[in-house]
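Coordinate-derived values only; no laboratory data. Everything quoted here is computed from the prediction, not taken from an experiment. Every residue, glycine among them, receives a Cβ derived from its backbone with ideal geometry; neighbour counts consider all protein chains shown.
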Amino acid sequence: MLRRMQSCTTPLTSDWHSIMYPLNNAGLGKGLETIAPLVRSVEETPDPIPADVRGTIPHWINGSLLRNGPAKFEFGDTHFNHWFDGMAMLHKFKIEKGQVTYMSRFLRSNAYKKNSEQDRIMVSEIGTVSMSDPCKNILQRFFSRFDMIKPTDNGNVNIVKYKRDYYLSTETNLMHRVDPENLETLEQVDWSTFVAVNAASAHPHYDPDGTSFNIGNSYGRKGATYNIICVPPEKSNAEDTLQGAKILCSIEPANKLQPSYYHSFAMSENYVVFIEQPIKIDLMKLLTCVMRGKALCEAIYWDPKMKTVLHLIHKRTGQVSHVKYYTKAFANFHQINAFEEDGFLMLDLCCLDDSRALDIYFLQNLRKSGEALDEVYNSMSRALPRRFVLPLHVTDDTPTDQNLNTRPSSSATCVKTSNAKVFCQHEDLHGDDLYQYGGLELPHINYERYNARPYRYFYGCGFRHLFGDSLLKMDLNDKTLKVWYQKGLFPSQPVFVPSPDAVEEDDGVILSVVLSPSQNQSTFILVLNAKTFEELGRATVPVNMPYDFHGVFNASA
């Protein structure tokens, strides 16, 4: 029998949806299909295998869809508690001349190697505390309970680029450089070697010249500090990784002992936007996790009494705006886009009205079935796309207590309440029809040409289940949807690939890896016409893949 490691499970209540999210009534789950097969361990496929292509995959698509996510959930008779804990696996669908091959490899992180060598969980993850090393004597095991949990290097969240190299990243200070051709693990890279941070986001942003921006926390005796990081676009030599990285600025949390948790941030042409949200980290609980035998997520909590604060940092000077933009409490994991126009900064985000997502994705919840699974789903709030309009030129002479948003195209409001505060009320970036698709998360845009610029379209997954079960395209001109959906199939985050002769914003294709819990259906990569959302083709491979997090398209030279 598998031994469950220490966890921080929060009990679910059947009436949570009616209290926290009354608009969800139209989209309640009933009779949901089990998704347990999508969170089971799989074997790697280190040698490329051909896919069976149906339909037509445009010959101009030349490159690889790389995806990353958890794919091993136990070692020996110990197993992880949370979906986010699973060992990272890198997947590659190579597309060339209308044909597709697939391969995959586990990231050879220190966590993976230590766990494999001992055939038990030796490295703690966000929802699982490792067991004491049986090789230690009683005194060693006793004193080890007073150690801090060491950061994992299990980079299972995202595939990111710095200086044209690919890295697998999680939310600690440790990443791994990987070879996008054979998927081999090359080297571990520690952010703290180059800048004074103890952790970094797995969602950097990029300027057109390749300059990268990220955000990371530093922890000291007086508590936490948020830091905006800038990484130069080019290597100085072949061995260069993050050399030249610098801290652009530092921001003090409202409470240094209880900083906000963040998963990503936003960026416009001239500004980094840091979202200080009411998902909080109790540093005292974090420091004592091992001693109390609790997982890291035990230290994360939701404070609905706290407003969300938006901080603007100028990318060139590092100057933090003295004006802070406040909104009602919301949780944000992924931003859609941000751009400046007519003296305003438009900030588009996927927002939730609570932070239940961290609790929902325990494996014991994902592996439920029947009414128990319906209850888990109905306890979730839905992620909805919203726009905040931030006035950039607020001075002492700016009038108070009136809406500063003069843009007739937006119903969002922003009201100056004091010389250093503006309160913002969002505009919904959707119509009522989005509710029937369970909201929208895992957003993606035509990043290369429209990130930090005015744009019209964004793509994402609809969530009528715990995992995405449809692909959505939103037209911001009239807030209408195009939808791809097939019952019993679960598509991954859509990735937009522009056509080589693209003129319009949506000239290109959408790539998504589609999974099924049914043993009668195989994994396939789906290719949609991004303009019409019609299926062009699919390439099926006879392998099992777990549902994963994020992906990128690596165009062949």
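For segment 257-362, just list the percent of Cα-Cα distances falling in each 10 Å bin from zero outward, please.
14, 40, 30, 13, 3, 0
Tabulate in residue order the Karplus-calculated ³J(HN,Hα) for segment 307-318, using 6.51 cos²θ - 1.76 cosθ + 1.60 with θ = phi - 60°, rounded to whole Hz; enter x for Gly and Pro.
6, 7, 10, 9, 9, 9, 10, 6, 5, 8, 9, x
Using a Cα-Cα cut-off of under 15 Å, which aspartates and glutamates could be cross-linked to Lys92, ignoring same-chain neighbours fewer than 8 residues away?
Hits, sequence-local ones excluded: Glu43, Glu44, Asp47, Asp179, Glu181, Glu184, Asp548.
Let me understand segment 199-335 better: what is its radius of gyration from the alpha carbons, and its Dmax, in angstrom?
Computed over the Cα atoms of segment 199-335, radius of gyration and Dmax are 16.0, 50 Å.
Which residue, Ile510, Asn529, Ser492, has the largest displacement toward the positive end of the dipole of segment 455-557 when charges sit on each Cβ (Lys, Arg +1; Asp, Glu -1)?
My answer, from the dipole projection, is Ser492.
Beyond a 24 Å Cα-Cα separation, which of these cross-linked pairs lie in this structure: Lys163/Lys324; Lys150/Lys324; Lys30/Lys72; Lys113/Lys235; Lys150/Lys294?
Beyond 24 Å between Cα atoms: Lys163/Lys324; Lys150/Lys324; Lys30/Lys72; Lys113/Lys235.
In terms of Cα to Cα distance under 13 Å, which aspartates and glutamates are near enough to Lys482, apart from those fewer than 8 places away along the same chain?
Qualifying aspartates and glutamates at Cα under 13 Å: Asp433, Asp506, Glu534, Glu535.
Tally Lys and Arg at +1 and Asp and Glu at -1 over the other residues with C-beta under 14 Å from the C-beta of Pro546: what net charge comes out?
-1
Fully extended, how many nm does the chain gain between His393 and Asp433 (0.36 nm per residue separation, minus their Cα-Cα distance)?
10.8 nm
Percent of Cα-Cα pairs more than 23 Å apart in segment 315-463, please.
Every Cα pair in segment 315-463 considered, those over 23 Å come to 47 percent.
For the chain, treating each Cα as an identical point scatterer without solvent, what Debye log10 I(q)/I(0) comes out at q = 0.05, 0.06, 0.09 1/Å?
Each listed q maps to, in turn, -0.19, -0.28, -0.66.
Applying the Karplus parametrisation 6.51 cos²θ - 1.76 cosθ + 1.60 with θ = phi - 60° to the phi angles of segment 299-305, what ³J(HN,Hα) value in whole Hz is obtained for each residue in order, glycine and proline being reported as x?
8, 9, 8, 9, 10, x, 7
So between Asp507 and Glu448, what do we pick up on full extension, going 0.36 nm a residue minus the alpha carbon distance?
20.0 nm
Using the Cα centre as the reference, give the magnitude of the dipole from point charges on the C-beta atoms of the chain (Lys, Arg: +1; Asp, Glu: -1; all else neutral), rounded to the nearest 20 debye.
Approximately 1320 debye in magnitude.
Please give the FRET efficiency for Glu117 paired with Thr193, using the beta carbon to beta carbon distance and R0 = 30 Å, rounded to the nearest 0.05.
Working from the Cβ atoms, E equals 0.75.
What are the extents of the Cα atoms of segment 412-479 along their three principal axes, in Å, largest first?
Extents along the principal axes, in whole Å: 46, 29, 23.
Estimate the FRET efficiency between Arg367 and Gln486 by the formula 1/(1 + (r/R0)^6), using the beta-carbon distance for r and 30 Å for R0, to the nearest 0.05.
0.85
Got a sec to turn the phi values of segment 73-82 into Karplus ³J(HN,Hα) couplings, 6.51 cos²θ - 1.76 cosθ + 1.60 with θ = phi - 60°, whole Hz, x for Gly and Pro?
The phi angles translate into 10, 7, 9, x, 9, 10, 9, 6, 9, 10 Hz.
When we measure straight from the Cα of Lys328, which lysines land under 19 angstrom away, once same-chain ones fewer than 8 places off are left out?
Cα-Cα hits under 19 Å: Lys280, Lys305, Lys307, Lys416, Lys421.
With the radius of gyration and the Kirkwood radius both derived from the Cα set of segment 402-557, what is their ratio Rg to Rh?
1.05
Can you give the local net charge around Arg177? Use residues other than it whose beta-carbon is closer than 9 angstrom to its beta-carbon, Lys and Arg +1, Asp and Glu -1.
Once all neighbours under 9 Å are counted, the net charge is -3.
Could you give P(r) for segment 499-557, binned at 10 Å from zero, as whole percent values over all Cα-Cα pairs?
Computed distribution, short to long bins: 20, 43, 29, 8, 0.
How far, in nm, would the chain grow between Leu28 and His59 when pulled straight, counting 0.36 nm per residue and subtracting the alpha carbon separation?
Contour length minus Cα-Cα distance gives 7.0 nm.
When all C-alpha to C-alpha distances in segment 356-397 are sorted into bins of 10 Å, what percent of pairs does each bin hold, rounded to whole numbers?
Whole-percent P(r) values from 0 Å outward: 22, 32, 14, 14, 12, 6.
Given a cut-off of under 8 Å on Cα pairs at least six residues apart, what relative contact order in percent is computed for the chain?
16 percent
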